[in-house]
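*Asks:* Handing you a structure now.
The values are calculated or read from the model by the stated rules, or taken from the named source; none is laboratory data. Computed from a predicted model, the values in this text were never measured in an experiment. Here the Cβ is made from the backbone with ideal geometry for all residues, glycine too, and neighbour counts use every protein chain on show. The protein model used for the area step is the full one, side chains on, heavy atoms only, and it has no ligands, DNA or RNA in it. Shrake-Rupley method; radii C 1.70, N 1.55, O 1.52, S 1.80 Å.
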Amino acid sequence: MEYFAPATVGEAVARAETEPGLVRFLAGGTDVLVQLRSGFVEPDLVVDIKRIPGMRAITAENGGWRIGAAVSGAELCRHSGVCADWPGVVEALELIGSTQIQGRATLVGNLCNASPAADSVPAMIAAQAMVAVAGPEGTRDVPVAGIPTGPGQTSLGSGEFITSVFLPARGDGGGDAYLRFIPRTEMDIAVVGCAVSLRVDGETVVDARICLGAVAPTALVVDDAARAIVGTRLDEAALSDLGAACSAACRPIDDKRGTVAFRTRVAGVLGRRAAAIAHDRARARTSE
């Protein structure tokens, strides 16, 4: 196995493109290093991107935030601007692992690991986040939802890697939230996760996006749930319709952490609760 620490994006792409064997890109390493040590993967080349300028930076851009691929959860959770604009994304990333893991874990790593139960992925999708993908053909912007294609699989091509995540401008009256259910109180994998991002005018929901995790092969955007609350003040009837839509959209599996029936029911409960939190946060922003 060869270890390569490029100084530029171009160097990283060029070396990865010419490698005929298996390539893994290393940012935080909380997934990649575990897979190496367990023998789950045996890459021929590991490309460490942390030394590339911008990989550890959080910068304001067009009213939103550009987050480098190697920014850790600990760093992101201390950033007052991102925390104020996108608390749901931050709390989703903050749920990943222990304090020690937070010093390394990244949004991009969680995304590229492509677990159906990834916590930050539904939150980023609900936020309509984009990622910048560098590759042999140059750089392209891709919605976060377009990266995972199945458990452990992504749409990234040979020599391609994600250099940053872009969270768009929050805008007036916006709020988001992420909730998950786990069997233990800490450090477990989501049985169900739910992210809600919405915008209000007064108390009325004028736009919404709802995304579920761990109930399908990839994170699941539930348009029917969003439609159920747009135009309402998020009263009990609207929340009931949202919960029913979330449950109806589920395509989960039975495993040791939860049954199909349990996951389906919990998806509706989390949808209702996350929407209420996002609604409260959105109303609070309008009164600032």
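*Asks:* Taking region 231-288 as the search range and keeping residues that are part of a loop (DSSP other than H, G, I, E, B) and free of Cβ contacts under 8 Å to residues at least 12 places away in the same chain, which one is farthest from D207 (Cα to Cα)?
*Replies:* K256
*Asks:* How many of the residues making up region 108-163 are under 18 Å from K50 (Cβ atoms) and under 14 Å from the mean Cα position of the chain (by Cα)?
*Replies:* Counting residues in region 108-163 that are under 18 Å from K50 (Cβ atoms) and under 14 Å from the mean Cα position of the chain (by Cα) gives 8.
*Asks:* Quick check on region 245-263. Is at least one of its residues open to solvent by 30 Å² or more (accessible area, probe 1.4 Å), touching a Cys at 6+ places or on another chain (Cβ under 9 Å) and in the same structural domain as V221 (by TED's automatic domain parsing)?
*Replies:* yes
*Asks:* Residue under question is M130, and the condition is that it be in the same structural domain as D224 (by TED's automatic domain parsing) and among the hydrophobic types (A, V, I, L, M, F, W, C); does it hold?
*Replies:* No.
*Asks:* Got a sec? Which strands (runs of 3 or more DSSP E) wholly within region 108-159 have at least 3 residues that are among the small types (G, A, S), closer than 19 Å to R170 by Cβ and open to solvent by 20 Å² or more (accessible area, probe 1.4 Å)?
*Replies:* Numbers: elements: 130-135, 138-143, 148-150.
Because the criterion is at least 3 residues that are among the small types (G, A, S), closer than 19 Å to R170 by Cβ and open to solvent by 20 Å² or more (accessible area, probe 1.4 Å), no strands (runs of 3 or more DSSP E) in region 108-159 meet it.
*Asks:* Quickly run through region 42-61 and pick out the residues that are over 23 Å from the mean Cα position of the chain (by Cα) and open to solvent by less than 40 Å² (accessible area, probe 1.4 Å).
*Replies:* Hits for region 42-61 are P43, L45, V46.
*Asks:* Taking interchain pairs and intrachain pairs at least six residues apart, which have beta carbon atoms under 8 angstrom, with the first residue in region 197-209 and in contact (Cβ under 8 Å) with a residue 60 or more places away in the chain and open to solvent by 10 Å² or more (accessible area, probe 1.4 Å) and the second in a loop (DSSP other than H, G, I, E, B) and of a type in the set (D, E, K, R)?
*Replies:* Going by the 8 Å Cβ cut-off, the qualifying pairs are R199/D172; E203/R233.
*Asks:* From L220, L239, which residue is under 16 Å from A278 (Cβ atoms), surrounded by 14 or more Cβ atoms within 10 Å (Cβ to Cβ) and among the aliphatic types (A, V, I, L, M)?
*Replies:* Answer to the check: L239.
*Asks:* May I pose another question? Would you point out which residue out of G28, G21 is closer than 20 Å to I101 by Cα, open to solvent by less than 40 Å² (accessible area, probe 1.4 Å) and at pLDDT below 95? I'd like the intermediate steps shown before the answer.
*Replies:* Working: G21 fails: closer than 20 Å to I101 by Cα.
Matching residue, one of G28, G21: G28.
*Asks:* Okay, moving on. Can you name the condition, by its number, that L167 falls short on among (1) free of Cβ contacts under 8 Å to residues at least 24 places away in the same chain; (2) under 16 Å from the mean Cα position of the chain (by Cα)?
*Replies:* (1)
*Asks:* Could you grab me the full set of residues in region 160-196 that are open to solvent by less than 10 Å² (accessible area, probe 1.4 Å) and either at positive phi or of a type in the set (D, E, K, R) (or both)?
*Replies:* G173, D176
*Asks:* Look at A105 and say whether it is crowded, with 23+ Cβ neighbours inside 10 Å, of a type outside the set (S, T, N, Q), closer than 17 Å to C211 by Cβ and touching a Ser or Thr at 6+ places or on another chain (Cβ under 6 Å).
*Replies:* Answer is no for this residue.
*Asks:* Here's another thing I want to ask about it. Report, by residue number, each residue of region 90-107 that is over 10 Å from the mean Cα position of the chain (by Cα) and either in a helix (DSSP H, G or I) or on the phi > 0 side of the Ramachandran plot (or both).
*Replies:* E91, E94, G97, T99, Q100, I101, Q102
*Asks:* Here is a follow-up. Tell me, yes or no, whether region 131-144 has at least one residue that is touching a helix residue (DSSP H, G or I) at 6+ places or on another chain (Cβ under 8 Å) and on the phi > 0 side of the Ramachandran plot.
*Replies:* No, there is no match, as no residue in region 131-144 is touching a helix residue (DSSP H, G or I) at 6+ places or on another chain (Cβ under 8 Å) and on the phi > 0 side of the Ramachandran plot.
*Asks:* Let me ask another. Residues of region 160-193 being more than 14 Å from P87 (Cα to Cα) and assigned to a strand (DSSP E or B), which ones?
*Replies:* Of everything in region 160-193, those that are more than 14 Å from P87 (Cα to Cα) and assigned to a strand (DSSP E or B) turn out to be F161, I162, T163, S164, V165, F166, R180, F181, V192, G193.
*Asks:* A follow-up question, please. Can you confirm whether V13 is out of contact with any Ser or Thr (no Cβ under 8 Å at 6 or more places or on another chain), buried (at least 21 other Cβ atoms within 10 Å of the Cβ) and not in a loop (DSSP other than H, G, I, E, B)?
*Replies:* yes
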